[in-house]
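Here's the structure we're looking at; comments come further down.
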């Protein structure tokens, strides 16, 4: 399996990232362990989580996903050296704070290291831009963590092109570590990244790991009519895709999948993997069977003609399309 570099760093990863948002939430600990075991057994190595996962769930305080991963690592001698571990900081953690001040970043990093039961985070990402804090302060905090050996590489999530460009300029001017990876919302259903972020990331050799690669489940084909997501946990995220353009995209996904003996989810992920400049799509799984399905995308090589059909069907994204 050919690996891809994360930005200009020495970190290389398989072209698929396992999302850890479900660990300790919709996947209990035993299931999470089985998924992680299978992921590594199949030769994959890139795992993404965040300190805030899964604070939104009733009774959760945040840190649940990191804690599950930490217990898995503790129970699997040698596993830490076989994976590239990514987590994030900045979202609201209640009494523990939020944002990208130096104090919060450094305090949160220590908390994540404890939960993950590791001495280092391979990719530490600013989860959300924080305009209330000078970029130099944020980047200086990250720089200290890298120099201390607690973090290897830093990245940004949910940054707009202008702010990402400013951050890169500050890093260069001040001699600080720079964001080597971007985590945007990116899929066949949401292609806004391509307008301004993609040219910047490609020109600056920044790695890209898109989240919601399956558009909150829409691109699996499980929602095929208006109102199909009503009452479900991700109703608000899926509803914008339940329109004529979205259903037309599903029809093309179905056709390409049938032609290649694949599932719609595999086709949607393979399309991302084939995109120039992409390091890996992020997708989660709540069972080993679901994991096996999405990992099949890595072995699916879409011909140019199929990619062109998908490009046309999803041009501009489909949220709110008529």
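The values are calculated or read from the model by the stated rules, or taken from the named source; none is laboratory data. Bear in mind that the values here come from a model prediction, so they are computed numbers and not experimental data. Positions of Cβ are backbone-derived with ideal geometry, glycine not excepted, and every protein chain shown enters the neighbour counts.
Residues to consider are 85, 100; find the one that is part of a strand (DSSP E or B) and crowded, with 22+ Cβ neighbours inside 10 Å.
85
Going by the conditions given, is residue 185 modelled with pLDDT of 95 or more and closer than 30 Å to residue 248 by Cα?
Yes; evaluated as a whole, the condition is true for this residue.
For segment 174-194, name all the residues that are within 30 Å of residue 242 (Cα to Cα) and touching a residue at least 24 places away in the same chain (Cβ under 8 Å).
Across segment 174-194, the qualifying residues are 182, 183, 184, 185, 186, 187, 188, 189, 190, 191, 192.
Taking segment 88-97 as the search range and keeping residues that are outside any loop (DSSP other than H, G, I, E, B) and touching a strand residue (DSSP E or B) at 6+ places or on another chain (Cβ under 8 Å), which one is nearest to residue 280 (Cα to Cα)?
Only one residue fits best here, namely 88.
Are there any pairs with C-beta distances below 8 angstrom linking a residue in segment 1-15 that is on the phi > 0 side of the Ramachandran plot and at pLDDT 95 or above to a residue that is part of a loop (DSSP other than H, G, I, E, B) and surrounded by 21 or more Cβ atoms within 10 Å (Cβ to Cβ), with the two at least 6 apart or on different chains, and if so which?
7/206
Scan segment 158-186 residue by residue and report those that are over 21 Å from residue 9 (Cα atoms) and in contact with a strand residue (DSSP E or B) (Cβ under 7 Å, 6 or more places away or on another chain).
185, 186
Do we have any residue at all in segment 72-80 that's in contact (Cβ under 8 Å) with a residue 60 or more places away in the chain, within 20 Å of the chain's Cα centre (by Cα) and not in a strand (DSSP E or B)?
no
Here are the criteria: (1) surrounded by 16 or more Cβ atoms within 10 Å (Cβ to Cβ); (2) at pLDDT 95 or above; (3) in contact with a helix residue (DSSP H, G or I) (Cβ under 9 Å, 6 or more places away or on another chain). Tell me which single one residue 155 does not satisfy.
Exception for residue 155: condition (3).
How many residues does segment 273-311 contain that are free of Cβ contacts under 8 Å to residues at least 24 places away in the same chain and closer than 13 Å to residue 188 by Cα?
3
May I ask you to list the residues in segment 16-64 that are surrounded by 21 or more Cβ atoms within 10 Å (Cβ to Cβ), part of a helix (DSSP H, G or I) and either without any contact (Cβ under 8 Å) to a residue 24 or more places away in the chain or touching a helix residue (DSSP H, G or I) at 6+ places or on another chain (Cβ under 8 Å) (or both)?
If the condition is that a residue be surrounded by 21 or more Cβ atoms within 10 Å (Cβ to Cβ), part of a helix (DSSP H, G or I) and either without any contact (Cβ under 8 Å) to a residue 24 or more places away in the chain or touching a helix residue (DSSP H, G or I) at 6+ places or on another chain (Cβ under 8 Å) (or both), then 32, 35, 36, 39 are the ones that fit.
Can you run down the residue pairs with Cβ atoms below 8 Å, 6 or more apart or on separate chains, where the first is in segment 84-97 and at positive phi and modelled with pLDDT of 95 or more and the partner is surrounded by fewer than 16 Cβ atoms within 10 Å (Cβ to Cβ) and part of a loop (DSSP other than H, G, I, E, B)?
94/61
Could you count how many residues in segment 103-115 are within 14 Å of residue 126 (Cα to Cα) and either in contact with a strand residue (DSSP E or B) (Cβ under 6 Å, 6 or more places away or on another chain) or surrounded by fewer than 18 Cβ atoms within 10 Å (Cβ to Cβ) (or both)?
6
Scan (1) closer than 26 Å to residue 265 by Cα; (2) touching a residue at least 24 places away in the same chain (Cβ under 8 Å); (3) in contact with a helix residue (DSSP H, G or I) (Cβ under 9 Å, 6 or more places away or on another chain) for the single condition residue 161 breaks and write down its number.
Residue 161 satisfies all of (1) closer than 26 Å to residue 265 by Cα; (2) touching a residue at least 24 places away in the same chain (Cβ under 8 Å); (3) in contact with a helix residue (DSSP H, G or I) (Cβ under 9 Å, 6 or more places away or on another chain) except (1).
For segment 297-322, name all the residues that are in a loop (DSSP other than H, G, I, E, B) and out of contact with any strand residue (DSSP E or B) (no Cβ under 9 Å at 6 or more places or on another chain).
300, 301, 302, 303, 315, 316, 320, 321, 322
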